[in-house]
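Undergrad: Could you have a look at this structure, given as structure tokens, before my questions?
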Amino acid sequence: MQLMRRRRYRSAAALAVLVLLAGTTLWLRPTGGLSGGASSPPERARARQAVHQGARPVIVPRRAWHAESVDTAPGARYAPSVRAAVIHHTSTPNGYDCATVPRTLRDLYAGHAYGRHWDDIGYNFLVDACGTIYEGRAGGVDRPVVGAHTKGFNEGTVGIAAIGTYTRGEAVPEPMLDAIARLVAWKLGPRGPDPRTEVALVSTHDEARYPKGTKAVLPVVGGHTDGYPTRCPGAALYAKLPDIAARAARLQHR
């Protein structure tokens, strides 16, 4: 009798262990951790949000080219993010010595801030023929500063000006193209659009190519002429924009 009781006890204990193990297995399966199944929902979400951003290039700060400041200038305005790059040219002479660029920047600043009463230079960044990138408009190079470079589409774009005149027949220096691509790859941000694609932006000005309030589909790497009736950035530089976009995409490991 005592032997039968011990056997029944051992059988009941074994059954309890099996039930516990079965319950543990069922509880573990949805996580995918021990069962070898799919990843958890947060892991799948992180995988879908691929990060694409180029390295931050070297940028010469405003203080290095002795940027002035208008006493009445309002504080910088910021967009939620940078969704597109608008490429310009400055329409200043080519063939310059890159050592003279700071003086050119001061002249451009005076024309924008005082001549046009913009309170600051309009472009967010400027790039010279040697591939040097200069900080333009104040507010922080790593922040989505709203510039004054294209009527209707300053919000959510970065204005990059190539120093010189790049109309049809002019050669666009290779170091300049490389620097613009590196700047675009960085400023579009880690979750920004593919530089080779298009983006929908809403016009904020009736003098743009699209009336105020109109949703326009524009290149992520586009020229000033895409959103505003102008010949800027010149036919030679405009023809290079697809190449700049492709370079930026490669730098973002797309």
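Undergrad: Could you give me the residue pairs with C-beta distances under 7 Å whose first residue belongs to segment 67-88 and is assigned by TED's automatic domain parsing to the domain that holds Asn124, whose second residue is of a type in the set (Phe, Trp, Tyr) wherever it lies, and which are 6+ apart or on separate chains?
TA: Ala67/Tyr109; Glu68/Tyr109; Val86/Phe153; His88/Tyr123
Undergrad: Kindly evaluate Val145 against the criterion of being touching a Lys or Arg at 6+ places or on another chain (Cβ under 6 Å), buried (at least 22 other Cβ atoms within 10 Å of the Cβ) and either of a type in the set (Ser, Thr, Tyr) or in contact (Cβ under 8 Å) with a residue 40 or more places away in the chain (or both).
TA: yes
Undergrad: Further question: Looking only at segment 87-98, decide whether some residue is aromatic (Phe, Trp, Tyr) and out of contact with any Ser or Thr (no Cβ under 8 Å at 6 or more places or on another chain).
TA: No, that holds for no residue.
Undergrad: Let me ask something else about it. Would you point out which residue out of Thr100, Thr132 is surrounded by fewer than 20 Cβ atoms within 10 Å (Cβ to Cβ) and in contact with a helix residue (DSSP H, G or I) (Cβ under 8 Å, 6 or more places away or on another chain)?
TA: Of Thr100, Thr132, the one residue that is surrounded by fewer than 20 Cβ atoms within 10 Å (Cβ to Cβ) and in contact with a helix residue (DSSP H, G or I) (Cβ under 8 Å, 6 or more places away or on another chain) is Thr132.
Undergrad: Then there's this: Quick check: is even one residue across segment 91-99 touching a Phe, Trp or Tyr at 6+ places or on another chain (Cβ under 8 Å) and hydrophobic (A, V, I, L, M, F, W, C)?
TA: Looking for residues that are touching a Phe, Trp or Tyr at 6+ places or on another chain (Cβ under 8 Å) and hydrophobic (A, V, I, L, M, F, W, C), one finds none in segment 91-99, hence no.
Undergrad: Quick check, is Ala235 touching a residue at least 40 places away in the same chain (Cβ under 8 Å) and within 13 Å of the chain's Cα centre (by Cα)?
TA: When the stated conditions are applied, Ala235 does not pass them.
Undergrad: Same structure, new question: Wholly within segment 160-254, which strands (runs of 3 or more DSSP E) include no fewer than the required count, namely at least 3 residues that are buried (at least 23 other Cβ atoms within 10 Å of the Cβ), at pLDDT 95 or above and on the phi < 0 side of the Ramachandran plot?
TA: Result: 221-223.
The values are calculated or read from the model by the stated rules, or taken from the named source; none is laboratory data. Because the structure is a prediction, the values reported are computed rather than measured. Methodologically, a virtual Cβ is constructed for each residue, glycine included, from the backbone with ideal geometry; neighbour enumeration extends over all protein chains shown.
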